[in-house]
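Note sheet for the following structure.
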Amino acid sequence: MHRLSGCPSCAEPLEEGDRFCGVCGHAVSAPPPAAAADNPTVPIPPAPPAPAAPPAPAGAAGGYGTPAPGVPRAAAEPAPGWGSAASAAPTLVDDPAAWAATPAEPDPEPEPEQRQGPAGATYASSDHGNPYGTGTPPEGTPWGPTEAPYAPAAPAASADGPEPRHDRPEGNPGTPAEGTPWGPGEAPYENPPQPGGAAGGRTCVACRAGHVDTDGYCEHCGHAQPRERDHLEEELGSVAAVSDRGLRHHRNEDSFAVAATALPDGSAATVAIVCDGVSSASRPDEASAAAAGAANEALLEALPRGAHPQEAMHEAILAAAAAVNALAPETPGAQNAPACTLVGAVVSGGLLTIGWVGDSRAYWVPDDRAALPRRLTEDDSWAAQMVAAGLMGEAEAYADVRAHAITGWLGADAYDLDPHTATFKPDHPGVVVVCTDGLWNYAESAREMAQVLPADAATRPLHSAQVLVGHALDGGGHDNVTVAIVPFATQPEQEPGPDAEPGPAAGPE
Amino acid sequence: MANFAKPNAPRFSVEVYQNEFLPEGGRDVHAIVTVTATGGAAATRTAVADGTAAVVLMVDCSGSMEYPPEKMRGAREATAAAIDTLRDGTAFAVIAGTHVAKEVYPGQGRLAVADATTRDRAKEALRGLSSGGGTAIGTWLRLADGLLRGSSAAIRHGILLTDGRNEHEEPAVLRATLDACAGRFTCDARGVGTDWDVKEVTGIAHALLGSADIVADPAHLAEDFTRMMENVMGKEVADVALRLWTPVGVEIQYVKQVAPSLLDLTDRRTEAGPRAGDYPTGSWGDESREYHVCVRVPTATVGQEMLAARTTLVLPGAAGEPATVLAQGLVRAVWTDDLAASTAINAQVAHYTGQAELAEAIQQGLEARKMGDVGGATAKLGRAVQLASSSGNADTARLLSKVVDVVDAVAGTVRLKAKVADADEMTLDTRSTQTVRVKKT
C-alpha cells in the first residue's frame, strides 16, 4: 500500500527491493508527504489568527511536559480555529485542573500552580495532578471520579494491537508492513547483515558500475554504500519507527527500539524509545544503540511484572545511562565519553508515560485534529534553561548559538543524571510522536507537528513515520532523523473501582 | 631471550592515521600509514633458515683509497667485520671496485656460503686488496647484480663503499644501471672521507631501497659495517610492496616513506591490476615504517563518505600467482559541514609534513650556501633549525648547529658559520632525510 511506483525525488521507476533510487540516490523508503499518492490531505485548521504559539516557553510549569502557557492550552475562551472548547480539551491527567475543567468552567485562569522551578523534577509534581497523586480532579473529569487510572483490570485496549507479544529477540518480528523496503526476514533489525559477507556482489548505488567490496565501499568509485543503519524501519502492530541518516551526516547516530508486551492482566503495552547520539562525543552511534536497547529491555522486564509505568520508565532511563556509561573508556575523566539523548513513550493500561533526557521530544497529536496538540517534553537545552530561569526571552534564547547545546544527556561525563518522566491519561485517542531533533527542527511547535502528521497516523503508524522523516529530509535533512509513532486508543468506557489505587509514583529523586 | 611463540616470518600490521573529514568542496586527503612487522628473525635470533639471504660487498679500491692509507685499511677491516657478522648459511661475495669490478672472493661468478672456513678464506682474500684505478660504480653494481641473480635467496642485498666521485662513468650509465637493479636487490651505500658526492651515494641508496650514510673517519667503518650487516641479517621478508588501490577519479598526489627516513616512492609505482599500483618497500625484519599517502578525490556533497584509498601490504607471488596480502588499512574521505572537524589536522600528518619540510629546507639551505646566497641559506637553515627543534629531531638539530650558529631555535634565527668542516656539511646533507617519530605525549 505504501509502495511507491517511482522515486519521490526524480520519478525514476523503482524496482522491487530498491531502497535508494538508482538515478538520484534518494532514499525511496521515506517518501516525502507529497509523493505519497494515497496520502489523505492533512487537516489544516482553518487559519485562525493563530496564536503565534511558540511551542514551549519552557519557563512556566517547568518539567513535566506541561505545554507552554503561551499556547491556548486551557482554551478557556474557545480557541479560535481550534474547534470547540470541548474538543480543545485533550484531557491529560498531569494537569487536570487545566485540562479537564475546561469544558465545565471556562475560567481562563491559567495554570494556578506555577509550582515548579525550571529544573523541576517531574516526579516532584506527583502530588499535583499526577494521576497517581493526591490531587483531586474536578468533578466531571472524563476519566471518572478516581485518580486511579492505572487500573490493573484494564483489558487489552490497543486499537489495532495484535496479540501481546514480546519484543523482537524472541518473538514475532512483526509483519513487515506493505511498502517496507525489506522483505520478510530481511528487516534490518531482525537480521543484521553479516559484516562483509552480505556485501559482496551488490552493485554500488552511487555509480551503478562497480560492485561493493567487503568493506562496504564501491570497488569502482569508492563510495560508501548505504549501511543498514542508514535507514531503518520497524513496525509492530501498535507502534512503528523510522530512522534515517539524513542528507548531511555520513552516518546515522540515532537509534530506536520499539516493542509490544503485555501487562500482568494480559492487556497490551507498547514501548517506543528514541535516542540521538551526541556527535561531539566519541562513538555516538554506539551510545544511542546501547541506550535504546537497554531502556527497551528494562521496560520489557518491568512492565510485564506489573511495575508502575512511570517508575519503570525512570528505571529504564537509569538502565540506559548505565549501558552508555559502560561504553566509556576506562580512563577516568575522559572528556569524550560516548553520549546520547533519550526519549521514550509507554502506552499501557490507558496511560501514556513519557520519559526523557536531553533534547529529543515527544508530542501528543489528537486523532481529532480540531483538538489541541501539545508537546509533552521539556528540552534539556541551554535555551530552554535560559527561558525557564527567566534570564532570556524565548526569541533571544533560541537565536543564541548555544541554544541547542544540551544540558542533560546519558553518558559517563553527564553531570547529574536527572531523568524526567510524566504520565498522562488522555481522554481521547491520538498518537504520540517520539522523535529526535532531526525531525522537530523542521516541525518545532506541536501545531506544526500535527500539521505534518498524516491524519491516519493512528491506523498507519509506519506510513506516518515515513512521512515525517520525509518532511525532515525535504527540509534539508541536516541531521539524522528518527521518529516513532505510538497510537493511543482510549480505553473502552470502564470505571476503575475506587479501590484501584495504584501506588503513587513517588519518584526516586 | 628468544620468544619461541613467534613464527619465523614477521607479522605485518597496518594502521592509518588521518583526519578523514573534508569541508564542502575539499579534495585532498592525507594519511600516514604505519606498517609494523613483528616476530621476525631479529626478534628471535634463533630462527635462521639457510639460504634466505645473499649479500655482496662492494669495496672501493680506486687509487684515492690510499690517500690517506687509513681509508684502505679501514675498508679492509670493515669488510672483514661484516664478513664476521654473516650468519652461517648466508651466500656472499666480495667485489673490488675501481673503473672496473673484480671478484675478490669466491670468484668465478659464484657466491660462497658462509661458514667458518669460507669466512677465513674471504678475510684472507681481503689482504690481497690493493688500490689503484678509477671509479665506475655502475660496473660494481652490474657485477653484484649478476652474482645475486644466481642465488635463490629471498633477501638479496648489497653493501657499497666508495670514497670518491663516479668519475669514470657517465651519470646516465649509473642511472640506467640503478633502474635495472631496482627491485632485484637492495643496497646500502656508504661514503668514506669527504671526497665523494652526497647526491650519488644517496641516489644509490634511494634507488635500491637501502640506507646512505657518511663515515668521515675510516676508523669507524668497521663498526658501521657490522651494524649494517646485522641489519641485513635481521631481514626476513623481501620484495614487500605497498599496494595502493584508488577508486575511479582519484589522483595520487604522492606516496612517500616518511619514517625512519624520507623516500619518495611516487614514481616507483608499478601497475597491479585495475586502479591499483605497487610501491616497493624492499625487505623487512622486525621494524616499523611510516608512509605519507596523499590523494585527490572528486568532490562530493556534505554527508557523503568514500574510500579514498586502500593501502595493502603485499608479497608478490611467483609468476602467475596472486600476491599475498599481509595487512591492509583504509583511507577514507567524509564530507562534513562541521568546520571543527574538517579543519583539524591529524597530528601524524602534521608531524611528517614538517619532517619533509625540514629535509627540504636543509637541502635548499646547503645548496644556497654553496652558491654564496647568504640570505637564502640563512633563511632556509633557520627554518630547518626551527622545525628540528619543534619536532624534537635532536640529531638533525645537532648536525645543524655545526653548520649555523643558533641564536633562537624557536624563532628560527641563525647565523651562518664562517668556517664549516666538509664532513659536517656532508653529514648534515646525507642525514637530512632522517626523520623522528611523533612525540608521544
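The values are calculated or read from the model by the stated rules, or taken from the named source; none is laboratory data. All values derive from a computational prediction rather than experimental measurement. In this analysis, Cβ positions are derived from the backbone assuming ideal geometry, glycine residues included, and neighbour counts consider all displayed protein chains.
Scan the range B:117-126 and tell me whether some residue there is under 26 Å from the mean Cα position of the chain (by Cα), under 19 Å from B:SER151 (Cβ atoms) and in the same structural domain as B:ARG227 (by TED's automatic domain parsing). Working first, answer last.
Of the residues in the range B:117-126, the ones under 26 Å from the mean Cα position of the chain (by Cα) are none.
Looking through the range B:117-126, none of the residues is under 26 Å from the mean Cα position of the chain (by Cα), under 19 Å from B:SER151 (Cβ atoms) and in the same structural domain as B:ARG227 (by TED's automatic domain parsing).
Would you mind finding the one in B:GLY26, B:GLY51 that is at pLDDT 90 or above, among the small types (Gly, Ala, Ser), surrounded by fewer than 22 Cβ atoms within 10 Å (Cβ to Cβ) and farther than 30 Å from B:ASP195 by Cα? Can you show your working first?
On the way: B:GLY51 fails: at pLDDT 90 or above.
One residue alone meets the criteria, B:GLY26.
Looking only at the range A:306-332, which residues are closer than 27 Å to A:ALA268 by Cβ and out of contact with any Pro (no Cβ under 7 Å at 6 or more places or on another chain)?
Taking the range A:306-332 and keeping what is closer than 27 Å to A:ALA268 by Cβ, we get A:306-320, A:323.
Scanning the range A:306-332 gives A:ALA307, A:PRO309, A:GLN310, A:GLU311, A:ALA312, A:MET313, A:GLU315, A:ALA316, A:ALA319, A:ALA320, A:ALA323.
Please tell me if B:GLY354 is of a type outside the set (Lys, Arg), more than 24 Å from B:ASP28 (Cα to Cα) and in contact with a Ser or Thr (Cβ under 7 Å, 6 or more places away or on another chain). Reasoning before the result, please.
Numbers: of a type outside the set (Lys, Arg): yes; more than 24 Å from B:ASP28 (Cα to Cα): no; in contact with a Ser or Thr (Cβ under 7 Å, 6 or more places away or on another chain): yes.
No, not satisfied.
I'd like to verify a number: residues in the range A:200-230 that are surrounded by 24 or more Cβ atoms within 10 Å (Cβ to Cβ) and more than 11 Å from chain B (Cβ to nearest Cβ), how many?
Within the range A:200-230, residues that are surrounded by 24 or more Cβ atoms within 10 Å (Cβ to Cβ) and more than 11 Å from chain B (Cβ to nearest Cβ) number 0.
For the range A:436-461, name all the residues that are surrounded by fewer than 24 Cβ atoms within 10 Å (Cβ to Cβ) and part of a helix (DSSP H, G or I).
Correct list: A:ARG447, A:GLU448, A:GLN451, A:VAL452.
Would it be correct to say that B:THR266 is within 21 Å of B:VAL29 (Cα to Cα), more than 14 Å from the chain's Cα centre (by Cα) and of a type in the set (Val, Ile, Thr)? Break it down stepwise before answering.
Details: within 21 Å of B:VAL29 (Cα to Cα): yes; more than 14 Å from the chain's Cα centre (by Cα): yes; of a type in the set (Val, Ile, Thr): yes.
For B:THR266, the condition - within 21 Å of B:VAL29 (Cα to Cα), more than 14 Å from the chain's Cα centre (by Cα) and of a type in the set (Val, Ile, Thr) - is met.
Taking the conditions exactly as written (more than 14 Å from chain B (Cβ to nearest Cβ) and within 20 Å of A:ALA362 (Cα to Cα)), does A:VAL278 satisfy them or not?
Working: more than 14 Å from chain B (Cβ to nearest Cβ): no; within 20 Å of A:ALA362 (Cα to Cα): yes.
When the stated conditions are applied, A:VAL278 does not pass them.
Answer yes if at least one residue in the range A:288-296 is out of contact with any strand residue (DSSP E or B) (no Cβ under 7 Å at 6 or more places or on another chain) and at pLDDT 95 or above, and no otherwise.
Yes, the range A:288-296 contains a residue that is out of contact with any strand residue (DSSP E or B) (no Cβ under 7 Å at 6 or more places or on another chain) and at pLDDT 95 or above.
Pick from the range A:213-268 the residues that are assigned to a strand (DSSP E or B) and among the β-branched types (Val, Ile, Thr): which of them is farthest from B:ARG296 (Cα to Cα)?
A:THR261
Examine the range B:399-408 for a residue that is touching an Asp or Glu at 6+ places or on another chain (Cβ under 9 Å) and acidic (Asp, Glu), and state whether such a residue exists. Explain how you work it out, then say what you get.
Let us first name the residues in the range B:399-408 that are touching an Asp or Glu at 6+ places or on another chain (Cβ under 9 Å), namely B:399, B:402-403.
Imposing the further condition that a residue be acidic (Asp, Glu) reduces the set to none.
Scanning the range B:399-408 turns up no residue that is touching an Asp or Glu at 6+ places or on another chain (Cβ under 9 Å) and acidic (Asp, Glu).
Of the residues B:GLY132, B:GLY97, B:GLY138, which is under 16 Å from B:LEU161 (Cα atoms), surrounded by fewer than 20 Cβ atoms within 10 Å (Cβ to Cβ) and not charged (D, E, K, R)?
Numbers: B:GLY97 fails: surrounded by fewer than 20 Cβ atoms within 10 Å (Cβ to Cβ); B:GLY138 fails: surrounded by fewer than 20 Cβ atoms within 10 Å (Cβ to Cβ).
Going through B:GLY132, B:GLY97, B:GLY138 in turn, the sole match is B:GLY132.
Kindly indicate whether A:SER267 is under 23 Å from the mean Cα position of the chain (by Cα) and within 13 Å of chain B (Cβ to nearest Cβ). Step through it out loud before you land on a result.
Details: under 23 Å from the mean Cα position of the chain (by Cα): yes; within 13 Å of chain B (Cβ to nearest Cβ): no.
No; evaluated as a whole, the condition is false for this residue.
Give the range B:179-207 a look and list any residue that's in contact with a helix residue (DSSP H, G or I) (Cβ under 6 Å, 6 or more places away or on another chain), under 26 Å from B:SER152 (Cα atoms) and surrounded by 19 or more Cβ atoms within 10 Å (Cβ to Cβ), or say none.
B:CYS181, B:PHE185, B:ASP188, B:ALA189, B:ALA207
Counting residues that are touching a Phe, Trp or Tyr at 6+ places or on another chain (Cβ under 7 Å) and under 25 Å from B:ALA216 (Cβ atoms), which strands (runs of 3 or more DSSP E) fully inside the range B:47-119 reach at least 1? Let's see the steps before the verdict.
On the way: elements: B:53-60, B:91-97, B:101-105.
Strands (runs of 3 or more DSSP E) meeting the threshold: B:53-60, B:91-97.
What pairs come out if I take residues in the range B:32-47 that are more than 30 Å from B:ASN19 (Cα to Cα) and of a type in the set (S, T, N, Q) and pair them with residues that are at pLDDT below 90 and surrounded by fewer than 20 Cβ atoms within 10 Å (Cβ to Cβ) whose C-beta lies under 6 Å away, six or more apart or interchain?
B:THR44/B:ALA2; B:THR44/B:LYS6; B:THR46/B:ALA2
Just need a number here: residues in the range A:236-255 that are away from chain B (no Cβ under 12 Å) and surrounded by 24 or more Cβ atoms within 10 Å (Cβ to Cβ). Spell out how you get there, then give the answer.
First, the residues of the range A:236-255 that are away from chain B (no Cβ under 12 Å): A:236-243, A:253-255.
If we keep only those that are surrounded by 24 or more Cβ atoms within 10 Å (Cβ to Cβ) too, we end up with A:236, A:238-243, A:253-255.
Number of matching residues: 10.
Does B:VAL56 satisfy the condition of being surrounded by 18 or more Cβ atoms within 10 Å (Cβ to Cβ) and either of a type in the set (S, T, N, Q) or within 25 Å of B:GLY282 (Cβ to Cβ) (or both)?
It is true that B:VAL56 is surrounded by 18 or more Cβ atoms within 10 Å (Cβ to Cβ) and either of a type in the set (S, T, N, Q) or within 25 Å of B:GLY282 (Cβ to Cβ) (or both).
Please go through the range A:481-501 and give me each residue that is of a type in the set (S, T, N, Q) and modelled with pLDDT of 95 or more, ordered by number. Steps first, please.
Step one: of the range A:481-501, the residues of a type in the set (S, T, N, Q) are A:482, A:490-491, A:494.
The one that is of a type in the set (S, T, N, Q) and modelled with pLDDT of 95 or more: A:THR482.
Looking only at strands (runs of 3 or more DSSP E) that fall completely inside the range B:167-284, which ones have 2 or more residues that are within 14 Å of another protein chain (Cβ to nearest Cβ), in contact with a strand residue (DSSP E or B) (Cβ under 9 Å, 6 or more places away or on another chain) and of a type outside the set (Asp, Glu)? Working first, answer last.
Details: elements: B:186-192, B:212-215, B:237-245, B:251-259, B:276-284.
Hits in the range B:167-284: B:237-245.
Out of contact with any Phe, Trp or Tyr (no Cβ under 9 Å at 6 or more places or on another chain) and on the phi > 0 side of the Ramachandran plot: does that describe B:GLY133?
On the way: out of contact with any Phe, Trp or Tyr (no Cβ under 9 Å at 6 or more places or on another chain): yes; on the phi > 0 side of the Ramachandran plot: yes.
It is true that B:GLY133 is out of contact with any Phe, Trp or Tyr (no Cβ under 9 Å at 6 or more places or on another chain) and on the phi > 0 side of the Ramachandran plot.
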